[in-house]
Structures are given as C-alpha cells and as structure tokens.
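The values are calculated or read from the model by the stated rules, or taken from the named source; none is laboratory data. Here the structure is a predicted model, which is why all the values come from computation and not from measurement. Neighbour counts run over all protein chains shown; Cβ positions are idealised from the backbone, glycine included. For the accessible areas, the whole protein counts, side chains as well, though only heavy atoms, and no ligand, DNA or RNA atoms are used. Shrake-Rupley method; radii C 1.70, N 1.55, O 1.52, S 1.80 Å.
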Number of protein chains: 2
Amino acid sequence: MGSVEEQPADGGTGSIAHRVPDLGALELLLAVARLGSLGAAARELGITQPAASSRIRSMERQLGVALVDRSPRGSRLTDTGALVTDWAGRVVEAARAFDAGAQALRVRRDSRLRVAASMTIAEYLLPGWLLALRAGRPDTAVSLLAGNSAAVAERLLSGEADLGFVEGLTVPPGLDSAVIAHDHLIVVVAPAHPWARRRRPLPAAELASTPLILREKGSGTRQVLDTALGGLARPLIELSSTTAVKAAAVSGAGPAVLSELAVGEELGLRRLVKVPVEGVALARDLRAVWPTGHRPAGPARELLSLTRG
Amino acid sequence: MGSVEEQPADGGTGSIAHRVPDLGALELLLAVARLGSLGAAARELGITQPAASSRIRSMERQLGVALVDRSPRGSRLTDTGALVTDWAGRVVEAARAFDAGAQALRVRRDSRLRVAASMTIAEYLLPGWLLALRAGRPDTAVSLLAGNSAAVAERLLSGEADLGFVEGLTVPPGLDSAVIAHDHLIVVVAPAHPWARRRRPLPAAELASTPLILREKGSGTRQVLDTALGGLARPLIELSSTTAVKAAAVSGAGPAVLSELAVGEELGLRRLVKVPVEGVALARDLRAVWPTGHRPAGPARELLSLTRG
DNA sequence: TGGGGACATAAGCTGGGCTTATGGGGAGTG
DNA sequence: CACTCCCCATAAGCCCAGCTTATGTCCCCA
C-alpha cells in the first residue's frame, strides 16, 4: 500500500539502529532460546504472552528470516534462528557490560566498594570485572570514579576510595601496588595508509614529526606518549574518546597511538594495522593500588582477585 | 514532584533493556564524540538537531550522569562521558556485526558472493569477516547459508554457493580445502561445580557417563563429541543455540561441551572454568572449501584472504 | 470429552521520539 | 557596534511501536 519506500542506500555507515532489533527484542529472543517457549520467556521478562509473540514476529519481519518454529507445545529456534540468537548474545553481553559500568558511575553514596581507576582500565577491563563481581556477590554496590593517576591517588589517600587502578610508569607516593597486567601503546593506521606497508620499523623521530590522531592532553595515554617522545607529539586532531580516535584512524584520517587493549578487535579484522616503531619505549604496567599498609579486604579483595584473570 | 519511583531492585538478571539506552542513542553519542557537536551528529544520522538534543538529554537522565558539556560553540564529552562513549562503542560494534550477519541471511538472490558455512564459523568468525569485506568493498552483496558439512558440500557442488567453510574432521569428497584455523572442544563448568576444582584430568569414561548440557543432535559440535566418545554423550538437556548452552552452564545447571571460540570471554572472566580431559580427541580443523579445481576468484578470493587474520 | 498449555488475533491505550517553529548565547567581521 | 552564523534549548503537536486485556484455535493427555 501507499508509496514506494525511499531506501536511503545507506552504504555501510549510517544508522544501524533501524536494521537491528532493539535490546529488549534480542533479550527476548535469548530467553525463548533458553526456555523453549514464548510464554515462558514473556513471564521471565515480565511481559504478557501476546507481547512476546508480536515482538518476535516483528523481529522476524524486520530481519526477513524465520527465527522460531512455533508449535502447540512450545517454540524452538530454526537453524538461522540459532545463528541469529548467538549473534544477539554478543550484543546483549556488551550491553550488560555497559550496564554494569553505568550503574557503578551512578551509585555514589553508600557503596560497599568504591573504586577509582584510570581510563584505559575503566574502559576495557573494569566492566568485565564488575559483571563477574555481580555474579558472585549480587548485592555489592560498587561505585566508580575515573580519572588520571593523581586523581586516583588523591581519592585513595583521602579515604574516598577503597581500591584504585593506575596505568602510569610510576606508582604515586603513599600507595602500595600490585602489577595486574602489562600494556603497550602501539601506532596504528588504516590498511590503505603508506605506513601499513612499511617493512622497517618507524624511527621515533619520524613518529614525533608526524601529526597524529590523539586523545586530548591530560589523558594517560597522551602523557605516556609525550614522555616517550620528549614532549613532542604533534596532534593532527584531538578527540575526546578512544572510540572516536579509533573511528578516525579506521576512516583513514591518519596514524593514531592507542593502547593495544583498545584495538585488539580492529587488528584482528585488519581494519587497523600495527606499525612497528623503534627507539621509543611505549610499554607500561597496569597496577592495582591502595594506601600503604591498608591491604584490600572484603569486597576490594574480592575484586582484586578477579583481576588476576 | 510526583511520587517516589518504584525501583524494581532487579538484582542482576532481569531485563537490561530498560537500563541501557537503545542502539540509536548510543550511536548518536558516538557521533557526538566524533564530530564535536550535537547538530553535526544529528545531520549525520538524518535527524533534526532538537531530536538529538532531547535524546542525549534523556540518556543523561536515564544514566544519572552528565555526558556532554554543551557550549555555544559545540559540545564536548565530559570525562565520564568519554568512558560511557567507549563502552557504548563496544555495544554498537556488536550490533554492527549482528547487522552484517543478518543482512547476509536476508539477501538471497543476485548476491555477488554466496557463502555456505557451518555453525561455529558462522557464529564466531563470519560476522567479523563480513564487516571487513564491507569496509573494503561496500557494494559486495553477500548471502550466507548455515548448515552442516554435508549441506555446505551440496551447495558448493550444485553451484548454489561460491565458497564454503566447514569444521569437521574430514573434507567432503569433491572439494578442495585450506585450513584457516584450529578449534578445540572443551569441557566447561561453572566455578562452583566440583569439576572446577579438579587437579587431575577428567577420564573420558567419566565424561561419557555424566549428563551434559548439549546442543541438539545434528549440530557439528555434538557430532564431534559423539564420535570422540563413541556415540555415548548423555544429554542432561538439549538446547537450541550455543548461547543458551552457555547460559545454562554459567547458571550452574551442569557441565557443557563447547568450542573454545565460544567461551573465550566467559573463561577470561571466570564465569566458566575449563575442565581438562584425557583420553579423548576434541580438536578439529576449520577449513575453507570449494569445488575441486575451481579456485576461489573475485569476491570469494577477497573473503578467503580475510580469513588468514 | 473436558482440561490445560501454548500460540494467534483483535481492539484500545500510552509514551517516546520525531518534526516544525522559535528563542538565546557567543564569536567573528565589516 | 550591529550583523550574521553556528551552536544549543524549549514548546507544541503528531505518529507509531509496543503493551495490555480479552478471546479464539490447536494439540496433547487423562
């Protein structure tokens, strides 16, 4: 009926939200897969059976694929349904990590465990730890404050935080620490960039003289880079999140310097290529820290033990 | 104003969709981070500036956190905004993989590249490859058919598919192949399960005599396990997607046997524990396959080269 | 043959998100 | 100093997706 839909072509970029079912629908699909029935899934999510039925059906319409085989004694996934469900699982998993992190940002007062962490750790490692902690101790309210090493130290020493994580080269005075992981900053470019075809390591001087896509001044990553290059890093553009830096690098805007934790997936899929560099030390330790003498106990100890994964 | 909000407590499980902004909002946040302005982000997503403004604001209300600093010359992320944006990036990334896969399931006709793949590969590796392919060749329409090895072979030999991927122990007759990766099935249990504390490898006989959480009969994983155990695997329960099996194992229902590709994240976070097993061969190759003599060319060759990542 | 479990359909409500229209606050320019 | 441009915010109104309640159909089993 009506007029022909104007399909905006949408070549690759462009809003994905219209083509992917929303999180509620994906969650519902997972529940159906697990419980084997639309009605049971609906009960679990606190909606009615017709709501679940209609939601699954509209998801099938949107994707253009049959997802479940309905029968008078339950519903089972089709083959493609099983596939879609597994893909959905990864979206929902990422959303759970998001939720765990966001909840920690919100709950300021009366938290049982107050964590202060530097950016790289808060971005890439903490959400997973929070999920694991929640699995073991569902009632532990955690609050999270992200900042640079100095801010983390200050919170710990003033008693406003119970456990900290820093990624610098040095441990702030007054704190004990334990190394929990190692990190390297790496130079990455889009596959089309000339540096992607270099066979020889890039000299530090050339890195220092080339404009780079960077986080803004004050970020831990930026500080390590500036120190390593002798305060010389030249910004091509300064962006306000690691994700934005990655997006710019992938789009070919120029070389970027990022934690290898940040670009694992991009490297695996060849969306970014690592450029070897010589003559500059870009390694750093990731450490848990706490006020000297106050060994972590209770929930803090619990969290610390998760970081040995 | 109004009454006190009834907070449903919602301890850990329970629908996440109400606490996490929807994909459109997350995408908008990423655009704001990248472009530095609400209006520019709105234009990129094809909505109006007031819509973007209101959406970001309601996201801030939902999360209880300020995300962007607005000024008369643009908007920049706050510190916590940068953190949230990075977390959002991973959700959106998973959604893009979902979309790439779903699109391949849908476009049946006139696809330039028709792929047939077995489940494990379609679940865990293909979406990434499709994203990479789309980045390089945005106009290559790909169709995907998932099935067992026999079905993959049949499609290839009948000319209904250009390139296949199988995960069995043997290569179907009439096909050439190249090993692209190795996979191992592993036994996993929740950390609380007695097997999690075993020091000695589990004898194959004990594995065979213990009821397990399994994919249903006919799945490639199940076949490999049945063969390895001599047709003896006893199901505790049979579920219709890998995700459902993982969820059951994590919840402590019993031991599960899964590809290590499927449980990398769960192992890292200690949500599942690997149980060593002795006396049974659970390794298998992942292979690209094509009709004997018809070396992949064009888009198929392109895709094949991505699999060497 | 009656009951129960599971899914489908229909009708009506509500709210979130979009649009258009309008206003205010810096910054650069003659 | 006014003019203009580029931000962002607010207000009013529309529309559709998704929910609920009520009811129908199918199949299995006692």
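Values computed for the structure shown
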{"item": "All positions within the stretch B:183-227 that are assigned to a loop (DSSP other than H, G, I, E, B) and open to solvent by 20 Å² or more (accessible area, probe 1.4 Å)", "result": "B:Pro191, B:Ala192, B:His193, B:Arg198, B:Arg199, B:Arg200, B:Pro201, B:Thr210, B:Pro211, B:Glu216, B:Lys217, B:Gly218"}
{"item": "Subset of the stretch A:245-288 [away from chain B (no Cβ under 14 Å) and within 14 Å of the chain's Cα centre (by Cα)]", "result": "A:Glu260"}
{"item": "B:Arg215 vs. criteria within 26 Å of A:Ser75 (Cα to Cα), modelled with pLDDT under 90 and among the basic types (Lys, Arg)", "result": "yes"}
{"item": "Residue count for the stretch A:78-88, restricted to those that are modelled with pLDDT of 95 or more and touching a helix residue (DSSP H, G or I) at 6+ places or on another chain (Cβ under 6 Å)", "result": "5"}
{"item": "Contacts under 6 angstrom Cβ, first residue in the stretch B:254-275 being closer than 11 Å to B:Trp195 by Cβ, partner open to solvent by 50 Å² or more (accessible area, probe 1.4 Å) and part of a strand (DSSP E or B), 6 or more apart", "result": "B:Gly254/B:Leu236"}
{"item": "The stretch A:25-37 residues that are facing chain B (nearest Cβ under 8 Å) and within 14 Å of DNA strand C (Cβ to nearest atom), paired with ones that are of a type in the set (S, T, N, Q) and outside any helix (DSSP H, G or I) (beta carbon under 7 Å, 6 or more apart)", "result": "A:Ala33/B:Ser240; A:Ala33/B:Ser241; A:Gly36/A:Ser75"}
{"item": "Matching residues in the stretch B:31-44 - criterion: being open to solvent by less than 20 Å² (accessible area, probe 1.4 Å) and either more than 9 Å from DNA strand D (Cβ to nearest atom) or not in a helix (DSSP H, G or I) (or both)", "result": "B:Ala31, B:Ala33"}
{"item": "Unmet criterion (only one of (1) open to solvent by less than 70 Å² (accessible area, probe 1.4 Å); (2) at pLDDT 95 or above; (3) within 15 Å of DNA strand D (Cβ to nearest atom)) for A:Ala66", "result": "(3)"}
{"item": "Selection status of B:Ala25, within 16 Å of DNA strand D (Cβ to nearest atom) and open to solvent by 20 Å² or more (accessible area, probe 1.4 Å)", "result": "no"}
{"item": "One residue from A:Arg301, A:Arg271 being among the basic types (Lys, Arg), open to solvent by 40 Å² or more (accessible area, probe 1.4 Å) and under 30 Å from B:Ala181 (Cα atoms)", "result": "A:Arg271"}
{"item": "Those residues of the stretch B:69-79 which are more than 14 Å from DNA strand C (Cβ to nearest atom) and surrounded by fewer than 23 Cβ atoms within 10 Å (Cβ to Cβ), in sequence order", "result": "B:Thr78, B:Asp79"}
{"item": "Check on B:Gly14, modelled with pLDDT under 95, open to solvent by less than 70 Å² (accessible area, probe 1.4 Å) and either within 31 Å of the chain's Cα centre (by Cα) or near DNA strand C (Cβ under 10 Å from one of its atoms) (or both)", "result": "yes"}
{"item": "Selected residue (criterion: nearest to the chain's Cα centre (by Cα)) from residues of the stretch B:228-244 that are open to solvent by 30 Å² or more (accessible area, probe 1.4 Å) and under 14 Å from A:Arg76 (Cβ atoms)", "result": "B:Glu238"}
{"item": "Filter result for the condition that a residue is more than 14 Å from every other protein chain (Cβ to nearest Cβ) and of a type in the set (Ser, Thr, Tyr), over B:Thr242, B:Thr221, B:Thr227", "result": "B:Thr227"}
{"item": "Qualifying residue in the stretch A:40-57 (condition: within 27 Å of B:Ala116 (Cβ to Cβ) and modelled with pLDDT of 95 or more)", "result": "yes"}
{"item": "Sole residue being open to solvent by less than 50 Å² (accessible area, probe 1.4 Å) and within 16 Å of DNA strand D (Cβ to nearest atom), chosen from A:Ala100, A:Ala82, A:Ala51, A:Ala104", "result": "A:Ala51"}
